[in-house]
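Heads up, the thing below is written out as structure tokens.
The values are calculated or read from the model by the stated rules, or taken from the named source; none is laboratory data. Because the structure is a prediction, the values reported are computed rather than measured. Note: ideal-geometry Cβ built from the backbone for every residue, glycine included; neighbour counts use all protein chains shown.
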Amino acid sequence: MKLLKVAAVTLALASSSAAMAGTVNAVASFSVLGDIVQQVGGEHVAVTTLIGPESDPHSFSPAPQDSVTLNKADVVFVSGLGLEGWMDRLVQASGYKGEVVTASNGITTRSMIDDGEKIVDPHAWNSMENGIVYATNVMNALIKADPEDADYFKQHGEQYIKQLSELNDWAVETFNAIPKQKRKVLTSHDAFGYFGAEYNVSFLAPQGYSTESEASAQHIAELINQIKQEGVKVYFMEDQTDPRLVKQVAAASGAKEGGELYPEALSTTDEANTYAKAFKHNVTVIANSMK
């Protein structure tokens, strides 16, 4: 009997080790991407997100602990397109030798003018068409990192991609039902370029692509005039940004508050604590403000 108990314990330990061997230790740069990795990877990933929920990716500065986190990773995921300008330095400092997967690979990029300079818009995930590309790249990277669980990642990933595809179709239908002249909103900073292009919504913002950029007095005055001329009725705050500037513009232009959006960070509450929920929330409140 004693031998049977020993054998059972040994078997349990072996099973536990096997389960751990099939778990990919993944690091993602920010909360939206971290959730995509978790949704695709399911029980076969352990995801650490460097920039957590309700945190601004534009103002992030890596801490020494982040080097330790990267050093222990099997695979690292970034959005790319200039969002994580600090990542190369962090990888070098950490001694991480694995692959850094750029989840935005394969999308059609957009350009934008920021402080007079033409740059690539990094906010690609705000179009759900691009979100599907992100999820596909994540799925392929996890299969490469853990071939033994390839079938699991493929099944899990394809189910998630189907969910995102249905959300995209719903967003298209939602905005197509609204007259084009009403599809105009004011936000804190210019994070909705891909969203606007995908769903034919015009976004105006006092700040450029980064929440750290400073808007000139001339730009603010021109924006207020544009809002009045184009009849923009609603402004939105963003969960991770300072609302004072957009409130100032709204007060001068007559735009009314429409609620809070989640373009760059997930929430800590149920409202937008996954990429799918955040997207659905953004579409719903923006569309409702136009009706």
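Here are the numbers for the structure shown:
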| read-out | value |
| --- | --- |
| Residue list for region 250-284, restricted to those being surrounded by fewer than 21 Cβ atoms within 10 Å (Cβ to Cβ), of a type in the set (A, V, I, L, M, F, W, C) and modelled with pLDDT under 95 | Ala251, Ala252 |
| Residues (within 20 Å of Ala26 (Cβ to Cβ) and small (Gly, Ala, Ser)) located in region 68-105 | Ala73, Ser79, Gly80, Ala93, Ser94, Gly95, Gly98, Ala103, Ser104 |
| In region 57-78, residue modelled with the highest pLDDT [restricted to those that are part of a loop (DSSP other than H, G, I, E, B) and in contact with a helix residue (DSSP H, G or I) (Cβ under 7 Å, 6 or more places away or on another chain)] | Asp74 |
| Matching strands (runs of 3 or more DSSP E) fully within region 92-178 where at least 3 residues are surrounded by fewer than 21 Cβ atoms within 10 Å (Cβ to Cβ) | 111-114, 117-120 |
| Number of the exception - Ala28 against (1) closer than 24 Å to Lys154 by Cβ; (2) in a loop (DSSP other than H, G, I, E, B); (3) not charged (D, E, K, R) | (2) |
| Contacts under 7 angstrom Cβ, first residue in region 44-73 being under 26 Å from Gly22 (Cβ atoms) and touching a residue at least 40 places away in the same chain (Cβ under 8 Å), partner acidic (Asp, Glu) and buried (at least 18 other Cβ atoms within 10 Å of the Cβ), 6 or more apart | His44/Asp146; His44/Asp149 |
| Test for Gln181: is it modelled with pLDDT of 95 or more and surrounded by fewer than 21 Cβ atoms within 10 Å (Cβ to Cβ) | no |
